[in-house]
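Step one of this worksheet: look at the structure below.
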Amino acid sequence: MKKPKSTLEPVIKWSGSKRQVANDLSRLITEGNTYFEPFVGGGAMLPFRNIKNGIANDIIPELVNLWEAIKNEPEQTAFEYQTRWEKLQKEGHQIYYEIRDKFNETKNCFDFLFLTRTCVNGLIRYNEKGEFNNSFHLTRPGINPKTLKEIIFKWNYYLKDVEFYNLDYTEVLANVKKNDFVFLDPPYGGTKDRYTKIDFDLEKFYSELDRLNTIGAKWILTFDGNAGSREYDYELPKEIYTHKVFIKTGNSPFTKMMKTTIDAVYESVYLNFQPANELLIDFGKQANQKLALQSSFEMQD
Ligand SMILES: C[S@@+](CC[C@H](N)C(=O)[O-])C[C@H]1O[C@@H](n2cnc3c(N)ncnc32)[C@H](O)[C@@H]1O
């Protein structure tokens, strides 16, 4: 499988996506029999995964159905978007709300795709009852079906050797064996998952990581965000991992919104194995930038 040269346009827009750092992060993925991604979301890592055979999973059924459609029925997936999009252009924005109502009854994955591409800022948002509740993006027509078709076919290539599941992550991790590789990007520790509204149980998660260590599987975990002087840091218990590096994941949406000096956000990446020395040096540079940023804030305080 040939990796993309740079970032790839997302086929499924997902907040919290690792799109901007996928290429960089993938340098940490070593060889392995099977690549596991139990929290796949928008799947930014899949095209960069380095290991041919993949198992990808998410707890959201419509998301997993959409992944399967992109893998098995790319032509139909593109067509389903096109018909909805054309109807929207012809008949106006009430079509969006009709499709949204239908989606909330049936969870049809093509309705889901259409909504993610035409809602305000592409933000997938559910209310407490689990209904998709974002509004129509009035000032944008939604991605052109021709463009989306090209993107769908690009992604289809990277999904050929990936099997998708819709399970709790623990059920997927139960199949991991020695010499498999697991990439973990769970909901942030201690928070309710933004899509499922379920508390993420950190103790259970830590014991899964511990179990993977005993089996002899390798894993990397991206976990928290740091913006400037603020830390949203959930320290992983030291005995579970062997290395921790930092990666710059972007700029804080909060400071952007407040139009103050934009803070860089660094995310911790934990590993249960020793990465190649050159990688430690490269990622170490990012850690130094993070430290420099932190001390400049301390000096301001
Ligand atoms: C931070 S997102 C992953 C983003 C992904 N790396 C990307 O690049 O788009 C976390 C994902 O975990 C999923 N999730 C939350 N709880 C889960 C569970 N118990 N089992 C499986 N997936 C879960 C969410 O639906 C969400 O898609």
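Can you tell me the length gained on complete extension of the stretch Leu202 to Ser135, counting 0.36 nm per residue apart and subtracting the Cα distance? Provide the component values of the computation, followed by the final result.
Details: separation 67, 0.36 × 67 = 24.12 nm, distance 3.30 nm.
Here the segment from Leu202 to Ser135 would lengthen by 20.8 nm.
Give the order of Arg19, Arg27 when sorted by the count of other beta carbons within 10 angstrom, beginning with the fewest. The partial results should precede the final answer.
Values: Arg19 18, Arg27 15.
Sorted ascending by nearby Cβ count, the order is Arg27, Arg19.
Which order, highest average first, do 135-146, 46-57, 80-91 follow once you tally other Cβ atoms within 10 Å for each residue and take the mean per peptide? Working shown, then result.
Working: 135-146: 14.0, 46-57: 20.1, 80-91: 15.6.
In descending order of packing, they fall as 46-57, 80-91, 135-146.
Arrange Met45, Met1 by Cβ neighbour counts within 10 Å, fewest through most, would you? Could the numbers behind the result be given before it?
Details: Met45 27, Met1 13.
In order of increasing Cβ crowding within 10 Å: Met1, Met45.
Determine the distance separating the Cα centre of the range 144-164 from the Cα centre of the range 13-74; give it in Å without decimals.
A separation of 12 Å, based on Cα centres.
Need the full-extension length gain, Glu86 to Asp161, defined as separation in residues times 0.36 nm minus the C-alpha distance. One decimal, nm. Walk me through the numbers before you get to the answer.
Working: separation 75, 0.36 × 75 = 27.00 nm, distance 3.27 nm.
So the chain would gain 23.7 nm between Glu86 and Asp161.
Using the Cα gyration tensor of the range 67-154, with a ≥ b ≥ c the square roots of its eigenvalues, what is the shape: rounded (a/c below 1.5), prolate (a/b larger than b/c) or oblate (neither)?
On the way: a/c = 1.73, a/b = 1.25, b/c = 1.38.
Because a/c hits 1.5 or more and a/b fails to exceed b/c, the range 67-154 counts as oblate.
Using only the alpha carbons of the range 1-127, determine the length spanned along each of the three principal axes and report them from longest to shortest in whole angstroms.
Principal-axis extents of the range 1-127 (Cα, largest first): 51, 30, 26 Å.
Does the range 67-214 classify as rounded, prolate or oblate by the C-alpha gyration tensor (a ≥ b ≥ c root eigenvalues; a/c under 1.5 gives rounded; else a/b over b/c gives prolate, otherwise oblate)? Can you show the working numbers first?
On the way: a/c = 2.89, a/b = 1.62, b/c = 1.78.
Judged from the Cα gyration tensor, the range 67-214 comes out oblate (a/c at least 1.5, b/c at or above a/b).
What nm value, rounded to one decimal, do you get for the distance between Thr147 and Ser15 when each label is placed 7 Å out toward the C-beta?
Spacing of the two 7 Å Cα→Cβ label points: 2.2 nm.
A short reminder: the numbers here are calculations on the coordinates, not readings from a lab. Being a predicted model, the structure only gives us computed values, none of them experimental. FYI the Cβ positions are ideal-geometry reconstructions off the backbone, even for glycines, and counts take in every protein chain you see.
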